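The values are calculated or read from the model by the stated rules, or taken from the named source; none is laboratory data. What you are looking at is a predicted structure, and each value in this text was computed from that prediction instead of being measured. Positions of Cβ are backbone-derived with ideal geometry, glycine not excepted, and every protein chain shown enters the neighbour counts. Note: accessible area is taken over every heavy atom of the protein model, side chains too, but ligands, DNA and RNA are not part of it. Shrake-Rupley method; radii C 1.70, N 1.55, O 1.52, S 1.80 Å.
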Amino acid sequence: MNVVSYRPELSELSYTFGGRPAVRRIQPGTIVEMYTEDCFAGRVRSVDDLPSRVCDFPYLNPVTGPFHVEGAEPGDTLALHFVSIEPARDWAVSATFPHFGALTPTHTTAMLAPTLPEVVWRYDIDVEAGVARYHARNGDFTVELPLDPMHGTVGVAPAASETRMTITPDTHGGNMDTPELRAGVTVYLNVNVEGGLFGVGDGHARQGHGEVCGTAVEAAMNTVVAVELIKGVATPWPRLEDDTHLMSTGSARPLEDAYRISQHDLVTWASEVTGLDALDAYQLVSQIGEAPVGNVCDTNYTMVAKIPKAYLGGPAVYESAHERLRALGRIYLEQR
């Protein structure tokens, strides 16, 4: 088994997709053990560390990478299977910001009402107990929330030599902020440049759908990813697969366009894998599909369209990459 370990220095973190040389070159079939920082690069450690004071804007939301996958060419697809995602520290943070989030005036939703204040919450992370402990800032209320680690940001270099900030989700992936990106999930990303150049970051100990306040329970992560290359198969928008569901994403503004993109991609994908014509697939997805919200706070919003594989006849998609990578991940975990 080919295993590559990479823990970046702070200076090696990337804040864009595209425009950066690869930190490692890897072969398809590689297991990558990586450390990822939280969206504040570890600078917000207490409720007194306001991001506007301790962070250097616009250097937020770093990713680990990019990784060059040998043989990857435009028109191919990278399959990244999340073998494990584990909080790397016993604490995590969240925050509200002026001009950022779903329930405050922003630069694109201008209002005369005052913006929300900048406030930080610190969570205690207990991996052994499997909980994140919430503490109210203005009272004695505490509650234990189940850990559900995931990555908010996963992507590849965009096409046409474009460079995108990591905070922006689009066809290349990016800051989709969907809780569906947890361990056991395979994400499929279109290769736009030689090597693909994928990066991973923005770990969340857990997150509600929509990431309504603009931040999740932001945490550094120790993450293991199994990588495969599917030659000659393009992927129009990032797609996800777990043991029971197929999922399509769409990122845009307004939110209904992100919804339409994700549903359109899922309908056309379902049509391809079942042989149904477009209208029959449309009807089927309409009756059994789900629509989890990714984020409603980033520069683009993200929606997910989700359908149980059982209703599609259990199709093998992307040459059964999910099954192979899941098996590889299990072998890795047994040997660790």
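Some observations on this one:
- Geometric extent, Cα atoms of the range 236-313 - Rg, Dmax (angstrom): 12.0, 37
- Solvent-accessible area per residue, Å², over the range 107-236 with all protein chains present [probe radius 1.4 Å]: 40
- Cα-based equivalent ellipsoid, the range 69-135: semi-axes from gyration tensor eigenvalues, Å: 34, 26, 8
- Highest mean first, the peptides 46-56, 84-94 sorted by other C-beta atoms within 10 Å per residue fall in the order 84-94, 46-56.
- Antiparallel %, DSSP beta bridges [both residues in the chain], to 5: 90
- Principal-axis analysis of the Cα atoms of the chain puts helix 321-335 at an angle of about 60° to the longest axis.
- Listed peptides 203-214, 24-35, 175-186, 256-267 by packing density, highest first (mean Cβ within 10 Å): 175-186, 203-214, 256-267, 24-35
- Stretching Asp140 away from Glu290 to a fully extended chain increases their span by 50.3 nm, per 0.36 nm per residue minus the current alpha-carbon distance.
- Compactness relative to 2.2 N^0.38 Å, alpha carbon Rg of the range 22-136: 1.40
- Distance cut-off 18 Å, percentage of C-alpha pairs in the range 221-272 lying past it: 45
- The range 282-336, accessible surface, carbon-and-sulfur percent (1.4 angstrom probe): 51
- The mean of 1/r over all pairs of different alpha-carbon atoms in the chain, once inverted, gives a Kirkwood hydrodynamic radius of 20.1 Å.
- Estimated [θ] at 222 nm from DSSP helical runs (n ≥ 4, -39500 (n - 2.57)) normalised by residues in the chain, nearest 500: -4500 deg cm²/dmol
- Largest first, the extents of the alpha carbon coordinates of the range 131-184 on the three principal axes equal 53, 29, 10 Å.
- Heavy-atom accessible surface of the range 63-143: percent carbon and sulfur, 1.4 Å: 56
- Taking N as its residue count, the alpha carbon Rg of the range 155-228 over 2.2 N^0.38 Å: 1.15
- Among Asp277, Asp76, Asp202, residue whose mean-square fluctuation peaks in a GNM of the chain (springs only between Cα atoms under 10 Å): Asp277
- The ellipsoid that matches the Cα gyration tensor of the range 104-252 has semi-axes, each √(5λ) in whole angstrom, of 31, 22, 12, with the longest given first.
- Computed from Cα atoms, the angle from the helix 278-288 axis to the main principal axis of the chain rounds to 50 degrees.
- With the simple spin-label model, which puts each label point 7 Å out from Cα in the Cβ direction, the Val3 to Ala234 separation comes to 3.8 nm.
- Remark on the range 203-336: ratio of C-alpha radius of gyration to 2.2 N^0.38 Å is 1.15.
- Centroid-to-centroid, using Cα positions, the range 261-336 and the range 52-84 are 22 Å apart.
- The range 186-259, accessible surface, carbon-and-sulfur percent (1.4 angstrom probe): 55
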